[in-house]
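We did not get these values from a lab; they are worked out from the coordinates using the rules stated. For clarity, every value in this text was computed on a predicted model and none was experimentally measured. In this analysis, Cβ positions are derived from the backbone assuming ideal geometry, glycine residues included, and neighbour counts consider all displayed protein chains.
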Amino acid sequence: MKKQRTFIFKCSSCGHEEPKWLGRCPECGEWNTLTETPITGRGTAKASGSSRALPQSFPLSSVDPLEGSRIASGIGELDRVLGGGIMKSSAILVGGEPGIGKSTLLLQAAAAADTKGRILYISGEESAGQIRMRADRLGIMGAGTKGERIEIFCSGNLEEIQTILEASKPVLIIVDSAQTLFSSEAGLVPGTINQMKYCSWDLISWVKEHDAALFLVAHVTKDGLISGPKSLEHMVDTVLYFEGASSAASDGDCRFLRAAKNRFGSVDEIGIFTMGEKGLSIVEDPSLLFLVRREGELPPGVATAAVLEGSRTLLVEIQALTVPAKGAMSRVFSDRIDSARVSRVAATIEKHLGLRLSDQDLYINVAGGIRIAEVGVELALACAIYSARTSIPLPAKTAIAGELSLAGEVRPLRRQPGRVKAARNLGFDSFLGPAPNESGTGYMGVHDIKSAIKSVF
Ligand code: TYD
Ligand code: MG
């Protein structure tokens, strides 16, 4: 019989384990960090596990559904993105660039959350004084306010955090941030991915066992989603990303909260906030937030699209610019609408309207900087590109929504009447969209891109 191994090689930097010695750790890339470690600890864990009761499966029908056990965060836009509040026994990852407002959002939620249980804010990044200063600025402190009940603990030490959790049994835990968590169990160097995963998993397990909810903050850097927060996504129930843009219609900076994963709701909804003097506030009517108010004629290359973001309609200004290509190949510059979509719409125009675009560089922008992924933007995009190329402006006060097929057809959309209504409410008296005609005057229903262009230009 093969002799059972009694040791492995463990990296002293990140905790990675290898069956044989290597000069360099394949996980963290450090040299000479693998050391021989006995695996007695694991053996005993297994042995003690066997003394417990045998695992058993049970009928699904005997399980209480989780439905209904949600805590309202007190911030409508956050609840909307979460699918109706913070689910108990769940872990929510909140990612975003540094300075975007993650700590602000979660401190505001901690103050407003509709629970009588304890709320614990754990910060490994800021001192207690800094958090207090922010809380004062947000106006959540003072007699009678709910901010009084927030408890804070400023450390990333997992063992200390565990002690506090056991002692105070909070129902809502905010960890700011996952990157500052460390444990002596998971290697010697704090801040490694292994540390973050190990500690996060421990906290996630704790909330699942104690019917609490956990917010884990994770920083994401500008140059792409580094492996850090991404590696936590599969462990949590919900992943939210916080991103920013500047709004044309409001004074403060706009912030969008999007769900990238949600076990308890849809990922279509976005939360819209503005960051102001007193922290994040909710935008009452976001439909006009991205609208540029213009007097008189529109400049060429500008079209207004009525797009859906979750359950809401937004009116956004699409801007297009075409210039003769500088290189042998024409290029598309568009970071708010997927470049592949822009290229496809441009090719459709070229083919079905005979308007040459393949020798042009194409620049596309969305006013306010919001990213638009909804298919209904295509007809407005086509009109903006056509208008830019021909220098003929679109008529003012016309909103557009429609999907464009490669065959040049304008395809029907979901919730078209809602879009028309939202546009009318904002003073758009005509609307270009797929046939048949909607009830009410001012709706131009078209079957294909040719008749669409004919009816607006
Ligand atoms: P913060 O929540 O610290 O960001 P993160 O945790 O994502 O790193 O937000 C920091 C920014 O928000 C900072 O630039 C200051 C600004 N801010 C306001 O404009 N108003 C406020 O009331 C607060 C608290 C912050
Ligand atoms: Mg922060």
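Distances between placed amide hydrogens fall under 5 Å for Val220 paired with Gly96, Glu97, all partners being 5 or more residues away or on another chain. Relative to the dominant Cα principal axis of the chain, helix 339-353 is inclined by about 20°. Pairing the Cα long axis of helix 378-390 with the longest principal axis of the chain, what angle in degrees results, from 0 to 90 and rounded to the nearest 10? Here the helix axis deviates by roughly 50 degrees.
Within the shell defined by Cβ-Cβ distances under 15 Å, the residues around Val323 carry a net charge of +2, with Lys and Arg each +1 and Asp and Glu each -1.
Under a model in which nothing but the beta-carbon of Lys, Arg (+1) and Asp, Glu (-1) is charged, the stretch 250-320 shows a dipole of about 380 debye around its Cα centre.
Across all Cα atoms of the stretch 302-456, the radius of gyration (one decimal) and Dmax (whole number) stand at 14.5, 48 Å. In this structure, the amide hydrogen of Gly244, modeled 1.01 Å from its nitrogen in the peptide plane, lies closer than 5 angstrom to those of Phe256, counting only residues at least 5 positions away or on a different chain. Measuring from each cysteine beta-carbon in the chain, the ones with no other cysteine beta-carbon under 4.7 angstrom are Cys154, Cys199, Cys254, Cys383. Kirkwood hydrodynamic radius for the chain: how many Å is it when counted over pairs of different Cα atoms? Across the chain, the inverse of the average 1/r is 25.3 Å.
Sorted on the mean count of surrounding Cβ atoms within 10 Å across their residues, most packed first, peptides 128-140, 315-327 read 315-327, 128-140.
Which three numbers, in whole Å and largest first, are the semi-axes of the equivalent ellipsoid of the stretch 69-284 derived from its Cα gyration tensor as √(5λ)?
Three semi-axes, in Å: 24, 20, 17.
Taking Cα centroids, how far is the stretch 89-125 from the stretch 256-318 in Å? Value for the Cα centre distance between the two parts: 23 Å. Averaging Cα coordinates gives a centre for the stretch 417-457 and one for the stretch 322-357; these two points are 25 Å apart.
Taking a threshold of 25 Å on the Cα-Cα distance, which of the pairs Lys146/Lys230; Lys116/Lys230; Lys397/Lys421; Lys88/Lys146 fall above it?
Beyond 25 Å between Cα atoms: Lys146/Lys230; Lys116/Lys230.
Projecting the Cα atoms of Ile370, Ala245, Leu321 onto the charge dipole of the stretch 239-397 (Cβ charges, centred on the Cα centre) puts Leu321 farthest toward the positive pole. Each of the peptides 172-179, 404-411 was scored by the mean count of other Cβ atoms within 10 Å over its residues; in descending order, highest first, they stand as 172-179, 404-411. Each residue of the stretch 259-272 was assigned a 3J(HN,Hα) from its phi angle through the Karplus curve 6.51 cos²θ - 1.76 cosθ + 1.60 (θ = phi - 60°); the sequence is 8, 9, 7, 8, 6, 10, x, 7, 9, 7, 6, 10, x, 10 Hz, with glycine and proline shown as x.
Residues whose amide H comes within less than 5 Å of that of Ile152, counting only those at least five positions distant or on another chain, are Tyr121 (H built at 1.01 Å from N in the peptide plane). The relative contact order of the chain, computed from alpha carbon pairs under 8 Å that lie at least 6 residues apart in sequence, is 12 percent. Ranking Pro55, Ser123, Val81 by Cα position along the charge dipole of the stretch 53-127, where only Lys, Arg, Asp and Glu carry charges on their C-beta atoms, puts Pro55 farthest toward the positive end. For the chain, adding -39500 (n - 2.57) for each run of n ≥ 4 DSSP H residues and dividing by the number of residues yields -8000 deg cm²/dmol at 222 nm.
Counting other Cβ atoms within 10 Å as a rough exposure proxy, the listed residues Ile385, Ile392 run Ile392, Ile385 from fewest neighbours to most.
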